[in-house]
Amino acid sequence: GGELIFGSADSSKYTGSITYIPVAIEGYWEFLMTSVSIGSTILSSSVYAIADTGTTFIIGPTIQVTALNAALGGAYDSTSGLVCLFLANLSENNII
């Protein structure tokens, strides 16, 4: 599970200091990610992302999303046309 808090921070959930970044497009929580990595594997650099708590989808540029799915062990489901990740199969990874 995960937790996303807007407007405040729970210091028991992290170490270090928070770095604030500007919103790229007003009206959305879109921001520039300077890097995307899982553990020590860098998947992408300089890509825009949207923090959307209203959906379970991860949507983005094909190359970066394909790399993320491969790193997390995603499997294509031909019935839905979606790549699915099964939580039971995931190890504890740090997505940054």
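Near the amide H of SER37, within less than 5 Å, lie the amide hydrogens of LEU43, ILE96, all on another chain or at least 5 residues away, with H placed in the peptide plane.
Taking packing as the residue-averaged number of other Cβ atoms within 10 angstrom, the listed peptides 39-48, 66-75 run from highest to lowest as 66-75, 39-48. Within region 11-89, the ratio Rg/Rh, alpha carbon atoms throughout and Rh by Kirkwood, equals 0.99.
No lab work stands behind these numbers, since they all come straight from the coordinates. Everything quoted here is computed from the prediction, not taken from an experiment. For neighbour counting, all protein chains shown are included, and Cβ atoms are generated from backbone atoms with ideal geometry for every residue, glycine included.
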